Amino acid sequence: MRRAKSTEAARVWLVRCTWIPFATFSRAQAPAANPHPEIPDAVTADGNHYKVEIENQFVRVLRIHYGPNETGNMHNHPHSVTVFLTDGKLKMTFPDGKSMVGTVPAGAAVFEEAGPHQPQNLLDKPFEAVRVELKSPAEAQTPAQQGAWAGDAAPLSDKFAALAGAMAGKYDRRPGAGVRSVGDVFNLIVMENGMLTGILTGNAAPPAGKPEPITDPAKMQEALAQSYKNLQSAIKGLAASDLAAPVKLFGMDMTKQGAIMLLLGDQHEHLGQSIAYARTNGVVPPWSK
């Protein structure tokens, strides 16, 4: 009897959470494919309002928080399910300039097709939700080895970005003449990630002059994070047959697998170097506090 009541309660909850006015936000007439892939994802475009709680090869779970009457930046989502933690009244503006307003109760769950929007909280109180972004079958089927390499890049990204912020004002420090400075190492990592991404995707840029170094800590953190995101995407996109493909790196002949292993290993060494730079300048790595 208890199980029957529980099942009925679950059925009623699902009906209540699906049949709400806000369901019009799902844009039923939109094509299945994302119509604006050039627009950045929510975390890249609007990190103040969207934080990653969980990410694996199947889903990315975002925590959403908008203050009273706040407006976000235009951003993109894949197919997603959003669970609303608070009551909300939101205005959604789309790339074509059209918009719509919807009201949603706390506890509701809504499916939205892939596509961009710009939300605005129309209430005088905070709005919170959890959004579960569904990854494509290709992403969900990332082979184990490629997934492991992409996973190895994640802590490198977090730690280099943390050090780039913690070492603000010390980018010109170096242990001796002719040795890379603090800023030189960070710029090298951005360059290496871009180079490896190009090699893995077949879009390697032709040799060009040395790029202008990044000296602003906030811009450096952004560049590091984006370069690792691009690299992880390139690694995950490799099929098993791609790993043996011949490439050239630093003038050496090797495979794509060899290039990944060489540069990830090199970057772990540079992370140790950057930690040593921080310690010798009286800076405790943020994750060690």
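For region 31-189, the relative contact order works out to 24 percent when only alpha carbon pairs closer than 8 Å and six or more residues apart are counted. The alpha carbon convex hull volume per residue for region 226-279 rounds to 89 Å³.
Each of PHE58, PHE186 was scored by other Cβ atoms within 10 Å of its Cβ. Listed from fewest to most, they are PHE58, PHE186. For a modelled paramagnetic label at ALA276, 7 Å from Cα along Cα-to-Cβ, the residues of region 142-185 in reach, with backbone nitrogen under 17 Å, are 173-185. Karplus-based coupling profile of region 109-116, in residue order and whole Hz: 10, 9, 8, 10, 6, 4, x, x, with θ = phi - 60° in 6.51 cos²θ - 1.76 cosθ + 1.60 and x standing for Gly or Pro.
Between ALA177 and LYS51, full extension at 0.36 nm per residue minus the direct alpha carbon distance yields a gain of 41.2 nm. Couplings 3J(HN,Hα) of region 59-68, computed from phi: 9, 10, 9, 10, 9, 10, 9, 10, x, x Hz, in residue order, whole Hz [Karplus 6.51 cos²θ - 1.76 cosθ + 1.60, θ = phi - 60°; x for Gly and Pro].
Taking the Kirkwood radius as Rh and the Cα radius of gyration as Rg, region 142-288 has a ratio of Rg/Rh equal to 0.98. Between ALA239 and ASN203, the contour length at 0.36 nm per residue exceeds the Cα-Cα span by 11.3 nm. Karplus-derived 3J(HN,Hα) values for region 221-235, using 6.51 cos²θ - 1.76 cosθ + 1.60 with θ = phi - 60°, are 4, 5, 5, 5, 4, 5, 5, 6, 4, 5, 5, 4, 4, 5, 5 Hz; glycine and proline are entered as x.
No value in this document is a laboratory result; all are computed from the given coordinates. Keep in mind it's a predicted model, so treat the numbers as computed, not measured. Cβ atoms come from the backbone with ideal geometry, glycine included; neighbour counts cover every protein chain shown.
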